Amino acid sequence: MKTAAAYIRVSTEDQTEYSPASQLEKICEYAKRNDYIIPDEYIYVDEGISGRHTQKRTGFNSMISTAKQKPKPFDAILLWKFSRFARNREDSIVYKSMLRKQCGIDVISVSENIGDNKMSLLTEAMIEAMDEYYSVNLSEEVRRGMKEKAKRGEAVTVPSFGYCIRNGRYYPDDNAHIVRSIFADFLSGKSIRTIASEINELGIKTRRGNNFESRTVKYILQNPVYIGKIRWTLNENNTMIIEGIHEPIISDKIWNDVQNKLKALPSEKYMRQTDIKEPFMLRGLCRCSSCGATLTRSSYRSSLQCYAYAHGKCSISHSISIKKLNYMLISAIESAGIKGEFKSEPNKKSVYPDNISFLISKENKKAERIIDAFENGLYTAEEFNERRKKVIENIKILKKKQSLNIIPDDTQKNVQKKIHRLLPALLSPFVNESDKNILLRAVIKRIVFYRSTESIDIFFYG
């Protein structure tokens, strides 16, 4: 008997005639009649996924990857219909040709008997062309129908945050007051990041159940649905804004004021281009001690900030000037090179690899909470200094204990040699920032910055 794989795909849940169970049943009947066996590990399924492209079809891609193994794991791929394999002739031709010519694996439709003579090639090509025509035509019909609904001001997409949908119409829901507060807070002077952080502290989630980010808040502030309009994008260069039939949550005046204020914000595109034009030595190396996210260049350009904090996902600011952080790094490397004591690379699953590191992180977070409490007026200056001093002393004690667990002697010497070669380049004004970054990455796995104590930990490659 020959071995076969079964590939099953459904585009939507309501296609009962092409359900995974019914497709598999027909495939198994064919396999039994034609002396094929189908092991469970060779049954591949993609549910609710279009066949026009292969990028997001994990089952399909896994099957193709397995098919390339030597010796070949199966002799054929059985499908309910060729349309299940692909609705794109280009993909169909490329993958079928590769499977047949390079892997010796046939692709067989169990419900479309095309024979095995030279006419079968023409028949199969005609079926594929008809499948692609059906897919393209259906897509156009769906877009046309949605466009007409949008023109009538009806709901055409999943409701935005703050709305629910009933009978094809948007209605404000229990989160409508959150939308109003977002617009009001932004106009009152709060930053987009602060608004996102405050919403997360309330435990409120997005429509998809995720935490709010800066981009989430900005999208809400720019969405005309909240002033009773429908925005429908036909393509990159064609977006329709139509008067809707739903109740607005925001007044036109508030909307216009917010749009004018958004226009005055620094351009994100400019900032990203500046990052490329202005590389810095520690790019991608330094991490936030609170959440482990990378410190990236802030809007002030001369300082770094936790990426997650900037996007409203981390509650502790880790802002520090690039000049100061560079100085701290050089000093720490010089000290490590002289003393010959290095921390090894931490466990990949955590920023803190052992119990002592975990205790240090707890003390640093405690110090951060003390700073926040002082800034909110909960501590006097004396209480703040006393509590912070105690935490810093605890951290020093823990770090002394941690220093006992250092890299083995032979590895120490190797790292020490690298540091002695590295330092002159880091200090040289003739070596550019990009090259310094490359040199650092060869020796250092990551740097952890602690905002509460204004200190860093460097983890070297062993």
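The values are calculated or read from the model by the stated rules, or taken from the named source; none is laboratory data. Remember, predicted model here, so these are calculated numbers, not experimental data. Quick reminder, even Gly has a Cβ in these numbers, built from the backbone with ideal geometry, and neighbours come from all protein chains shown. When the accessible area is computed, the model is the full protein with side chains, heavy atoms only, and any ligands, DNA or RNA have been set aside. Shrake-Rupley method; radii C 1.70, N 1.55, O 1.52, S 1.80 Å.
Computed values, structure above
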read-out	value
Check on L329, modelled with pLDDT of 80 or more, of a type outside the set (V, I, T) and touching a Phe, Trp or Tyr at 6+ places or on another chain (Cβ under 9 Å)	no
Yes/no for S97 being at pLDDT 85 or above, open to solvent by 30 Å² or more (accessible area, probe 1.4 Å), farther than 21 Å from K26 by Cβ and of a type in the set (S, T, Y)	no
Where H311 falls short, out of the listed (1) modelled with pLDDT of 85 or more; (2) buried (at least 18 other Cβ atoms within 10 Å of the Cβ)	(1)
Members of the stretch 419-452 found to be part of a loop (DSSP other than H, G, I, E, B), open to solvent by less than 30 Å² (accessible area, probe 1.4 Å) and at pLDDT 85 or above, listed by number	S428
Any chance G145 is out of contact with any Phe, Trp or Tyr (no Cβ under 6 Å at 6 or more places or on another chain), over 30 Å from A310 (Cβ atoms) and modelled with pLDDT under 80	yes
Matching residues, the stretch 211-239, being open to solvent by 60 Å² or more (accessible area, probe 1.4 Å), in a loop (DSSP other than H, G, I, E, B) and either modelled with pLDDT under 85 or within 12 Å of S160 (Cβ to Cβ) (or both)	Q222, E236, N237
Where S109 falls short, out of the listed (1) at pLDDT below 75; (2) surrounded by 14 or more Cβ atoms within 10 Å (Cβ to Cβ); (3) polar (S, T, N, Q)	(1)
Odd one out for E363, checked against (1) surrounded by fewer than 17 Cβ atoms within 10 Å (Cβ to Cβ); (2) at pLDDT 65 or above	(1)
Qualifying positions in the stretch 424-438 - closer than 16 Å to A332 by Cα and without any contact (Cβ under 8 Å) to a residue 40 or more places away in the chain	P424, A425
Selection status of I242, over 21 Å from the mean Cα position of the chain (by Cα) and open to solvent by less than 80 Å² (accessible area, probe 1.4 Å)	yes
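So that you can scan it fast, the table gives a plain yes or no per residue for (1) within 15 Å of D75 (Cα to Cα); (2) modelled with pLDDT of 80 or more:
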residue: A5; (1), (2): yes, yes
residue: V10; (1), (2): no, yes
residue: E13; (1), (2): no, no
residue: T16; (1), (2): no, no
residue: Y30; (1), (2): yes, yes
residue: Y36; (1), (2): yes, yes
residue: E41; (1), (2): yes, yes
